[in-house]
Amino acid sequence: FQPKVLAGRRVLVTAGPTFEPIDPVRGITNHSSGKMGFAIARAAQEAGAQVTLVAGPVHLPTPRGVVRLDVQTAQQMHDTVLPAAPGHDVFVATAAVADWRPAASAQQKIKKQGDRRVPTLELTENPDILAAVARLPSPPYCVGFAAESENLLAHASEKRVRKNVPLIVGNVGPATFGRDHNALVLVDADGHREIPTADKLTLARALVRDIAGRLDSSRP
Ligand code: C5P
């Protein structure tokens, strides 16, 4: 049984990777199973919240009671999240959004050249969904994620300031992708706190309790 610490709150979560098509059969994507984001959606729902989960391409069942919207590209995720965000109290951005997409996606499969010339890909930047939500006139409480291979604390606090969000959650484990266990470090304006290694649902429940406490102290 989970205490209903988010009763009456609305929570928006992004999860999984995005997929940026190069042509109808190829694309650019990131490593992400979506497990952490789905666990957060489930934990928030168990805590009494109304939860909207915007998911990139993943192979995971929808948590019970959660409204799920499936998208493929970063632009689609952005266009789904931005209009939904003002109706939510909390936004948790766990998605591993592709930073760039092909500037033009080919309508037909790009064929190999007889002379073995290799095509070059021109990339263009994707919108930063978390930063865009944080810029809304009265944004939900924004929580970002940081998956770094080194200097996690420094990168997480730099990201927190750059995206102008109150909380960034770093993945401590070196290779958490697709794994069921992880550890988290919560970085806010005052410092950081670790949630020790556990399965992702346990971590998600701890994170949800932490976020609920922050809402209660800032917005009674
Ligand atoms: O900039 P970086 O990708 O390292 O930041 C990670 C955080 O920002 C995550 O919370 C991720 O979901 C979010 N993000 C986003 N849109 C992007 C890139 C990252 O919402 N285009």
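Miscellaneous remarks
- Answer residue from segment 175-191, given it is surrounded by 15 or more Cβ atoms within 10 Å (Cβ to Cβ) and within 13 Å of ALA39 (Cβ to Cβ) and is modelled with the highest pLDDT among those: LEU184
- When PRO21 is tested against (1) in a strand (DSSP E or B); (2) touching a Ser or Thr at 6+ places or on another chain (Cβ under 6 Å); (3) under 19 Å from LEU130 (Cβ atoms), only condition (3) is not met.
- Flag for ASP89 being in contact with a strand residue (DSSP E or B) (Cβ under 9 Å, 6 or more places away or on another chain), of a type in the set (D, E, K, R), surrounded by 14 or more Cβ atoms within 10 Å (Cβ to Cβ) and in contact (Cβ under 8 Å) with a residue 12 or more places away in the chain: yes
- Of all residues making up segment 1-40, the number that are without any contact (Cβ under 8 Å) to a residue 60 or more places away in the chain and surrounded by 24 or more Cβ atoms within 10 Å (Cβ to Cβ): 2
- From THR73, THR62, residue being hydroxyl-bearing (Ser, Thr, Tyr) and within 16 Å of the ligand (Cβ to nearest atom): THR73
- Output for segment 81-98, where each listed residue is outside any strand (DSSP E or B) and either of a type in the set (Gly, Ala, Ser) or touching an Asp or Glu at 6+ places or on another chain (Cβ under 9 Å) (or both): ALA84, ALA85, GLY87, ALA95, VAL97, ALA98
- Filtered by the rule that a residue be more than 13 Å from ALA95 (Cβ to Cβ), outside any strand (DSSP E or B) and of a type outside the set (Lys, Arg), segment 33-59 gives ALA39, ALA43, ALA44, GLN45, GLU46, ALA47, GLY48, ALA49, HIS59.
- Residue match in segment 32-49 (condition: of a type in the set (A, V, I, L, M, F, W, C) and farther than 17 Å from LYS200 by Cβ): yes
- Screening HIS78 with (1) touching a Leu at 6+ places or on another chain (Cβ under 6 Å); (2) assigned to a helix (DSSP H, G or I); (3) within 11 Å of the ligand (Cβ to nearest atom) gives one miss only, at (1).
- Restricting segment 117-132 to residues that are within 13 Å of the ligand (Cβ to nearest atom) and of a type in the set (Asp, Glu) leaves a set whose member that is nearest to the chain's Cα centre (by Cα) is ASP128.
- Among the residues of segment 133-158, those that are part of a helix (DSSP H, G or I) and either more than 8 Å from the ligand (Cβ to nearest atom) or modelled with pLDDT under 95 (or both) comprise ALA134, LEU152, LEU153, ALA154, HIS155, ALA156, SER157, GLU158.
The values are calculated or read from the model by the stated rules, or taken from the named source; none is laboratory data. Computed from a predicted structure; not experimentally measured. As a convention, Cβ positions derive from the backbone with ideal geometry for all residues, glycine included, and neighbour counts pool all protein chains shown.
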